[in-house]
Amino acid sequence: MKSLKSQMILIIILISLLPMVIFTALSAYQNYSRTFNNITSHLENSTKNRAEVLRTYFKPIFDMANMLSDDANVKGSYSNKYDERTWLLKNFDNIVKKYSNFEAVYIGLKDKTMLMKPAAELPPDYDPTKRPWYKAAMAKPGNVVVSEPYADASSGNILITVSKVVKDNNGQIIGVLGIDLSIKKLVESFLRDQLFDEETPYIVNDKGITLIHEDPDKWGVDVSSMEFFTNATSQSGVVEYTYNNVDKLAFYYKIPELGWTVYTAIPKVVIQNQVWKQTYMYIIVGIIIIVIAFIIGLMFVNNAVVKPIITMSKDMEEVGKGHLNVKVNVTAKNELGKLAEIMNKTIMSLRSLVEKVKKSSETLIETSENVSSSINKSASVNEHIYAEIEEINAKVQDASSSLEETTAGVEEIAAAAQSVSKSTQEVMERTTETSKLAKEGLKT
C-alpha cells in the first residue's frame, strides 16, 4: 500500500511540476526560436551595415574619379598643349597626400604613356592599355568602374582600381583615369565588428569574382558557380549552402551602384551552438525553479498535511491500545485542526464512558459480594435449623420411653420451636435484604 506521503508527492508532481515542466519546455523552445531569429537578424543587419559602409566609403572615391575625369589638365594631358601634365601630376600628388587610403592616382594614355603619383618604377614593357583597370573602364565608357583584384606591376601588392574613361574636349577617348586602393586596407576596415570568430565577410562582384576576403588566397577567385552566389537573386536575404561538407548560412546585401554583393558567411552549427548555449541557461534556471518549487511544495504538504495526519494516526493507535489520556496536538486552523478537535472530544467522551462503566462494575462487584455473603449467612442458618430439627427428632423418639423425658422434651421442643421461628424470621429478613441489594445492582 502506498504511503500518504508518496501519494501527496505524486499529486504535487501532477498538479504543479508537470505543468511547470511543460511551460519550461515551451518557453525554452520559444527562447530558442527567438534567439535564433535575433542572431540571424543581427547578421542580416551587420551585412547591410557593411554594405552601407562600403557605399559610403566608395562614394567620395567615385566622386573624385568623376571630378578628375572632367579636370581640364586631365582632359588636356594627351595633347599637353599647355603643359597640362605638370599641373596634373601636382594635383595627383596633393590628392595622394591628402587621402591616405589612396595608393596611387594616375592616368594611362592611349599612346601607353603613364602619368602617376606617387612615382613608381614600372617595367620597360609596361603597357597601361593592357591592364585590368584600363580594360574594365573601356568596357563601360562614361561609368566609374571597379576592377577585379590584380597584382600591382611595380610592388606586386594586390590592388583594386576605381577607374573611368577620360575624353578630351572633342569627345575623343584619350585614356583611363585610375585610383588604386589596397585590398589589405579595405579588409582591415571591412572586417571590423564581427559577432563570431567563425563569421566570414567577403565581397563578390556581379561576375562572381571575389574582391575582398579575409583569406588573401581567395582574392580574385571565381565563385560564380557557387550555390551562395547563384541563389542570391534578391536585393538581400540569406542562402543556405554546403561548403567542404559544412552547412553554412550566407547573408547577403547588394550594392547596385558598385555591382557588388556583400556576404557574411557562417557555419550553421555556430549559430545553433550559440542559441543552445543561451537556451541551456534558460533550461537550467527553469530546472532550478522547478526543484525549488518542488521542495517548497513538499515541505508545505509534509508540514501542513502529512505530519498532522501521522500525528493523529499515532494518537489514535494509542487510544486503540486503551490509553485514553492521549490528546491530539494538531493546532492547524483548517479541516485537519477541526478533525483533531473532534477526535479530542471523542477521546474525552470515551474516557467519561469508561469511568462510568468502571464505577458501575465496582458497584456490581460490591453488590455481588453482599449477595454472596447473605447467601452464605442463609446457608449457615439453615444448617443450624436442620441441626435443631434433628435434635428435636431425637428427643421425640426418646419421649416414648420416658414420660418425664417427654414432658421435658415437650418443653425443649417449645423452646426449640421458638428458636426455629426466630431463625426463620431471621432468614426471611436476610432474604428480603438480599433481594433488595440485587435489585439495586441491576438498576445500576
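Expected output is a single nm value to one decimal: the length gained when fully extending between THR129 and VAL221, i.e. 0.36 nm times separation in residues minus the C-alpha distance. What is it?
Full-extension gain reported as 30.8 nm.
Calculate the FRET efficiency for THR56 and LYS97 from the Cβ-Cβ distance with a Förster distance of 22 Å, rounded to the nearest 0.05.
0.50
Which links in LYS75/LYS167; LYS48/LYS218; LYS97/LYS167 stretch past 18 Å when you go from one Cα to the other?
Cα-Cα > 18 Å for LYS48/LYS218; LYS97/LYS167; rest within.
What is the sum of charges around LEU249, taking Lys and Arg as +1, Asp and Glu as -1, for the other residues whose C-beta is under 9 Å from the C-beta of LEU249?
Working: positive: LYS248, LYS268; negative: GLU240, ASP247.
Summing Lys/Arg as +1 and Asp/Glu as -1 gives 0.
Just subtract the alpha-carbon distance of ALA387 and LEU195 from 0.36 nm times their residue separation and send over the number in nm, one decimal.
Contour length minus the Cα-Cα distance gives 55.9 nm.
What FRET efficiency comes out for LYS277 versus THR233 if R0 is 35 angstrom and r is the Cβ-Cβ distance? Round to the nearest 0.05.
0.55
How long is the gain from ASP206 to LYS185 if the chain were fully straight, where each residue apart is worth 0.36 nm and the alpha carbon distance is subtracted?
Answer, rounded to one decimal: 5.4 nm.
So if I take the alpha carbon set of segment 16-119, get Rg, then get Rh from the Kirkwood formula, what is the Rg over Rh ratio?
Ratio of gyration radius to Kirkwood radius for segment 16-119: 1.53.
Along the Cα→Cβ direction, 7 angstrom out, place labels at ASN49 and SER33. What is the inter-label distance in nm?
If labels sit at ASN49 and SER33, their model points lie 2.7 nm apart.
Which entries in LYS185/LYS248; LYS338/LYS359; LYS59/LYS184; LYS135/LYS254; LYS321/LYS345 show an alpha-carbon gap greater than 22 Å? Write out the running numbers ahead of the final one.
Numbers: LYS185/LYS248 27 Å; LYS338/LYS359 32 Å; LYS59/LYS184 19 Å; LYS135/LYS254 24 Å; LYS321/LYS345 18 Å.
Going by Cα-Cα distance, LYS185/LYS248; LYS338/LYS359; LYS135/LYS254 fall outside the 22 Å limit.
Size of the dipole of segment 19-92 about the Cα centre, Lys and Arg at +1 and Asp and Glu at -1 on the beta carbon, nothing else charged, in debye to 20? Please list the in-between numbers first.
Working: 9 positive and 7 negative charges, 24 e Å.
Once rounded to the nearest 20, the dipole reads 120 debye.
Have a look at TRP276, PRO308, ASN231 and report the one farthest towards the positive end of the charge dipole of segment 217-309, computed about the Cα centre with Cβ charges (Lys/Arg +1, Asp/Glu -1).
Among TRP276, PRO308, ASN231, the one farthest towards the positive end of the dipole of segment 217-309 is PRO308.
Calculate, for LEU350 and ILE292, the FRET efficiency according to 1/(1 + (r/R0)^6) with r their C-beta to C-beta distance and R0 51 Å; round to the nearest 0.05.
Working from the Cβ atoms, E equals 0.70.
Coordinate-derived values only; no laboratory data. Since the structure is predicted, the reported quantities are computational estimates derived from the model, not experimental observations. Positions of Cβ are backbone-derived with ideal geometry, glycine not excepted, and every protein chain shown enters the neighbour counts.
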